[in-house]
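The values are calculated or read from the model by the stated rules, or taken from the named source; none is laboratory data. Remember, it's a predicted structure, so these values are computed and weren't measured experimentally. Every residue, glycine among them, receives a Cβ derived from its backbone with ideal geometry; neighbour counts consider all protein chains shown.
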Amino acid sequence: MYTAGVDEAGRGPLAGPVIAAAVILDINNPIAGLADSKTLTARRRQLLAEEIKQHALAYALGRAEVGEIDRRNILQASLLAMQRAIIQLPIQPQLVLVDGKHCPMLDCEVNAIVKGDRLIPAISAASILAKVFRDQEMCAWDQVYPGYGFAQHKGYPTKQHKQALTLLGVTPIHRRSFAPVRVCLQES
């Protein structure tokens, strides 16, 4: 029976997509050091992401764009990204373990596990892949929209990011339904 771990990155930022990853690990080829992506350094996450891609039985990414986040809300967009990641897996799992309290709609058994990214290696692996991919994308957006600091804060609502919003305005990758962005739009 194949079990996939699923997690997302990017629920809290003011900008960019929410990215989900799904991973089916090879139980005969364990990966040492898997943990919640937020507890790892960027360098360690990158190294583990490469190892996951090389040694997992299967992995896939899913995403929900800014417009979907604004239309659906961030929870529903996160579940949609997770659903898309699972559907993209080249091996379809019989069981999906999701980090958190909510499950995406799937055609197999799905269980939500609070703090699953700390407890279940496949969810940890998904957490790492989602974070690495999203961080890389936000660094690319930093080149398109200089001055916002996306490469540093990855779209999260830091003081620097809020100041840039006030000075430079809202970009197409900003989530208009999020309060700081909405307020900035109302004031312009």
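Just give me the residues in segment 163-173 being touching a residue at least 24 places away in the same chain (Cβ under 8 Å) and not in a loop (DSSP other than H, G, I, E, B), in sequence order. Let's see the steps before the verdict.
Initially, segment 163-173 is screened for residues touching a residue at least 24 places away in the same chain (Cβ under 8 Å), giving 165, 171-173.
Once the filter is applied, which keeps residues that are touching a residue at least 24 places away in the same chain (Cβ under 8 Å) and not in a loop (DSSP other than H, G, I, E, B), segment 163-173 yields only 165.
Being more than 16 Å from residue 43 (Cα to Cα), surrounded by 24 or more Cβ atoms within 10 Å (Cβ to Cβ) and of a type in the set (Ser, Thr, Tyr) narrows it down to one of 148, 156, so name that one. Lay out the reasoning, then the answer.
Numbers: 156 fails: surrounded by 24 or more Cβ atoms within 10 Å (Cβ to Cβ).
Result of the check over 148, 156: 148.
Are there any pairs, at least 6 apart or on different chains, whose C-beta atoms fall under 8 Å, with the first in segment 72-84 and more than 17 Å from residue 176 (Cβ to Cβ) and the second part of a helix (DSSP H, G or I), and if so, which?
Short answer, once both residue conditions are applied: 80/68; 80/72.
So which residues in segment 46-60 are part of a helix (DSSP H, G or I) and under 30 Å from residue 171 (Cα atoms), if there are any at all? Before you say what the answer is, go through the steps one by one.
Initially, segment 46-60 is screened for residues part of a helix (DSSP H, G or I), giving 46-55.
The answer is 46, 49.
Go through (1) without any contact (Cβ under 8 Å) to a residue 24 or more places away in the chain; (2) among the hydrophobic types (A, V, I, L, M, F, W, C); (3) surrounded by fewer than 17 Cβ atoms within 10 Å (Cβ to Cβ) for residue 110 and report which single condition fails.
Tallying (1) without any contact (Cβ under 8 Å) to a residue 24 or more places away in the chain; (2) among the hydrophobic types (A, V, I, L, M, F, W, C); (3) surrounded by fewer than 17 Cβ atoms within 10 Å (Cβ to Cβ), residue 110 fails exactly one: (3).
How many residues, within segment 67-95, are under 12 Å from residue 19 (Cβ atoms) and either of a type in the set (A, V, I, L, M, F, W, C) or touching a Cys at 6+ places or on another chain (Cβ under 9 Å) (or both)?
6
Have a look at 135, 117, 142 and point out the one that is among the charged types (D, E, K, R), more than 30 Å from residue 25 (Cβ to Cβ) and either under 19 Å from the mean Cα position of the chain (by Cα) or not in a helix (DSSP H, G or I) (or both). Full working, then the answer.
Working: 135 fails: more than 30 Å from residue 25 (Cβ to Cβ); 117 fails: more than 30 Å from residue 25 (Cβ to Cβ).
Residue meeting the stated conditions: 142.
Could you check residue 177 against (1) within 23 Å of residue 23 (Cβ to Cβ); (2) touching a helix residue (DSSP H, G or I) at 6+ places or on another chain (Cβ under 6 Å) and say which number it fails?
(1)
Residues are listed down the side, and each one gets a yes or a no for (1) over 21 Å from residue 103 (Cβ atoms); (2) part of a loop (DSSP other than H, G, I, E, B); (3) among the acidic types (Asp, Glu):
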position	(1), (2), (3)
6	no, no, no
20	no, no, no
31	yes, yes, no
34	yes, yes, no
44	yes, no, no
62	no, no, no
78	no, no, no
81	no, no, no
86	no, no, no
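Considering segment 130-152 alone, what residues qualify as being in contact (Cβ under 8 Å) with a residue 60 or more places away in the chain and under 30 Å from residue 98 (Cβ atoms)?
Step one: of segment 130-152, the residues in contact (Cβ under 8 Å) with a residue 60 or more places away in the chain are 130-135, 137-138, 141, 148, 150.
Within segment 130-152, 130, 131, 132, 133, 134, 135, 137, 138, 141, 150 qualify.
For residue 148, are the conditions met, namely being assigned to a loop (DSSP other than H, G, I, E, B), farther than 30 Å from residue 32 by Cβ and of a type in the set (Ser, Thr, Tyr)?
Numbers: assigned to a loop (DSSP other than H, G, I, E, B): yes; farther than 30 Å from residue 32 by Cβ: yes; of a type in the set (Ser, Thr, Tyr): yes.
So residue 148 passes the test.
Return the only residue of 60, 35 being at pLDDT below 95 and more than 29 Å from residue 181 (Cβ to Cβ). It would help to see each step written out before you state the result.
Details: 60 fails: at pLDDT below 95.
So the residue among 60, 35 that is at pLDDT below 95 and more than 29 Å from residue 181 (Cβ to Cβ) is 35.
Tally the residues that are more than 19 Å from residue 64 (Cα to Cα) and either among the hydroxyl-bearing types (Ser, Thr, Tyr) or buried (at least 17 other Cβ atoms within 10 Å of the Cβ) (or both), restricting the search to segment 171-188.
Of the residues in that region, 2 qualify.
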